[in-house]
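In what follows, a structure is listed as structure tokens, so that the remarks can point back to it.
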Amino acid sequence: MNRGVEVWILAARPKTLVAGASPVIIAMGLAIKDGVFNWYLSLICLLIAIFFQIVSNFVNDYFDYKKGSDTPERLGPQRAVAEGWVTPKQMVLASFIVLSVAFALGVLLMWLVDWRLLFVGIAVAVFAIAYSGGKYPLSYIGLGDVCVLLFYGVVPVMFTYFVQSNAFTADALMCGLAIGLVSTTILVANNYRDYELDKIAGKKTTIVIFGKNFGEYFYLANGIIAVVLCQYFWSKGLVAVALLPLFYVAIHIVTWRQMIQIGEGRALIAILGKTARNVLLFSLLLFVGFVIHNT
């Protein structure tokens, strides 16, 4: 593989892209169950979600370097700017290019569905930048988890479903909250690993604020609460949607036990990959559950 291409693939952080794709996958399943599925609108939503995830990763790479959070002592995966693979200027340019592609797809979606989706696109773009940038970056003041819940859960599920059905529903909201909590485990795994260095850098994640023990149980609780929320669908006769996530929670608990057994060091990098796998599994289980109830 061309080294330049490889660098940008690594900078995009492929393991985290499931956080962008998973809520769209769930919304697609819900749309299939309700008989409103539109494959090309779903595909556009999926591409927008992935491109915005890449933008968020690029912006995070740039600002963490500028703020001194990414140092040679960092335990996590290598970062492109900090490693000197690309310059800060190149990362900014790449961020704008990917953001432009996402907006172009957003314009297409507005033309096909509703011009008011523009406001959603602006909100997501602002979040992608404000998460790591600005005077008070959200990830530095303990609001990162809330942002993930909203922008990797509620917002993408609700609006992916909306563009196909022209409706906001309680089912979509419940799905959004559930996958938002599950996606938060990726952030928690990342912040748990970087706990000591984040303290030194002044990055006040929820784990830095409340302690590492809190982080361990916060990780566990997010996954369990998400599965509890799925029991809402039992009351609606969607038994498969309620029960299939139990397979996720079993694997989630195994990953949680591995995380606390490792405790610290570079070995925790593997937990991030396993957590991302679990997030994708959760979304696929819900998707399958909804499809089952469409037959």
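Stretching the chain fully between ILE262 and GLN231 yields a gain of 8.0 nm (0.36 nm per residue, less the alpha carbon separation). Taking other Cβ atoms within 10 Å as a rough exposure proxy, THR160, THR255 sort from fewest to most as THR255, THR160.
Compute the label zone of GLU196 within region 210-226: residues whose backbone N is under 20 Å from the point 7 Å along Cα-to-Cβ. Residues 210-217 qualify, since their backbone N sits under 20 Å from the label point.
Which shape class, rounded, prolate or oblate, goes with region 131-255 when its Cα gyration tensor gives a ≥ b ≥ c as root eigenvalues, a/c under 1.5 marks rounded, and past that a/b bigger than b/c marks prolate?
The shape class here is oblate.
Please work out the Cα center distance from region 208-222 to region 7-48, rounded to the nearest Å. Measuring centre to centre over Cα atoms gives 28 Å. If I model a spin label as a point 7 Å beyond the Cα along the Cα-Cβ vector, how far apart are those points for ALA167 and ASP114 in nm? It works out to 1.3 nm between the two label points. Approximating the spin labels as points 7 Å out from Cα along Cα→Cβ, the LYS204-to-ILE224 distance works out to 2.9 nm.
Among 86-94, 178-186, sorting by the average number of other beta carbon atoms lying within 10 angstrom of each residue, highest first, gives 178-186, 86-94. Taking 0.36 nm per residue of separation and subtracting the Cα-Cα distance, full extension of the segment from SER100 to ILE251 would add 50.6 nm. Relative contact order, whole percent, for region 3-292 stands at 25, derived from Cα pairs under 8 Å and 6 or more residues apart.
Counting every other Cβ atom within 10 Å of each residue's Cβ, CYS175, CYS147, CYS45 order from fewest to most as CYS147, CYS45, CYS175. Modelled this way, with points 7 Å down the Cα-to-C-beta line, the labels at VAL5 and VAL239 are 4.9 nm from one another.
Every read-out reported here was derived from the displayed coordinates using simple, explicitly stated rules and does not represent laboratory data. Everything numeric in this text was worked out from a predicted model, so none of it was measured. Cβ atoms come from the backbone with ideal geometry, glycine included; neighbour counts cover every protein chain shown.
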